[in-house]
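To keep things clear, I will list the structure first and then write my remarks on it.
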Amino acid sequence: MHALALILALTSIVTNARVAVTDGVDTGTRSHDAVAVDLKSGGARFVKAGTPLLARERSIIIELLAPPIGPLANTTGLPDAFDRPGIEKLLDNDRVTVWRYTWVVNKKTPRHFHANDVVVVHLADGVLASTTPDGKTVMNPNSYGLTKFNPRGRVHSEELVKGKASAVIVELK
């Protein structure tokens, strides 16, 4: 019964060829390496396959289903999305680089290129404006715990236009 209760406590967020992302409390093991993002602390841990997750608080668990594929070549002439001013590197290994970033109201990030797929775990409620090179802007409302998979190959700038915005960003290698 305990294992069944544990499974029911998790909510699937994203599943694709690269990742299976769940939201909840989980102390079990995975058959693949994973990253556990603790929503309360904004911290992240890399967990090897077969090792207990020990996610006793609400966490976003990103199970890495596929081996690294490497970054896309950046032929844009723009800077890579990461490392950027004001960002903190939480961990780095052969599978992922995990960053924590807080956007500042009305301060645009430099236009940048995403060479890798990312899973973004939002830690605050706010609205980010994302502007592509052709000048099109999309308003992205974000909330605490909202988690998105964003594919590589994107070029844009971002600006916090309402509320607060902070995230743990898991860059897949």
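Identify all residues within segment 24-39 that are more than 16 Å from the chain's Cα centre (by Cα) and outside any strand (DSSP E or B); write none if there are none. Hits for segment 24-39 are Thr27, Gly28, Thr29, Arg30, Ser31, His32.
Quick one: how many residues across segment 59-80 are in contact (Cβ under 8 Å) with a residue 40 or more places away in the chain and under 16 Å from Val96 (Cα atoms)? The number of residues fulfilling the criteria is 12. Might you let me know whether segment 88-98 holds any residue that is at positive phi and more than 13 Å from the chain's Cα centre (by Cα)? The answer is no; no qualifying residue exists. Look at (1) in contact (Cβ under 8 Å) with a residue 12 or more places away in the chain; (2) more than 13 Å from the chain's Cα centre (by Cα) and you find that Leu123 fails only one, number (2).
Going by what's in this entry, would Asp83 be described as surrounded by fewer than 20 Cβ atoms within 10 Å (Cβ to Cβ), without any contact (Cβ under 8 Å) to a residue 60 or more places away in the chain, closer than 20 Å to Phe149 by Cα and not small (Gly, Ala, Ser)? The answer is yes for Asp83.
Quick check: is even one residue across segment 10-20 out of contact with any helix residue (DSSP H, G or I) (no Cβ under 7 Å at 6 or more places or on another chain), under 22 Å from Tyr101 (Cα atoms), at pLDDT 95 or above and among the hydroxyl-bearing types (Ser, Thr, Tyr)? No, segment 10-20 contains no residue that is out of contact with any helix residue (DSSP H, G or I) (no Cβ under 7 Å at 6 or more places or on another chain), under 22 Å from Tyr101 (Cα atoms), at pLDDT 95 or above and among the hydroxyl-bearing types (Ser, Thr, Tyr). Across segment 99-120, the number of residues qualifying as farther than 14 Å from Val37 by Cα, hydroxyl-bearing (Ser, Thr, Tyr) and within 16 Å of the chain's Cα centre (by Cα) comes to 1.
From the list Leu91, Leu53, Leu39, the one residue that fits, being farther than 18 Å from Lys173 by Cα, in contact with a strand residue (DSSP E or B) (Cβ under 6 Å, 6 or more places away or on another chain) and touching a residue at least 40 places away in the same chain (Cβ under 8 Å), is Leu39.
The values are calculated or read from the model by the stated rules, or taken from the named source; none is laboratory data. None of these values were measured; they are calculated from a predicted model. Positions of Cβ are generated from backbone atoms using ideal geometry, with glycine treated the same way; all protein chains shown enter the neighbour counts.
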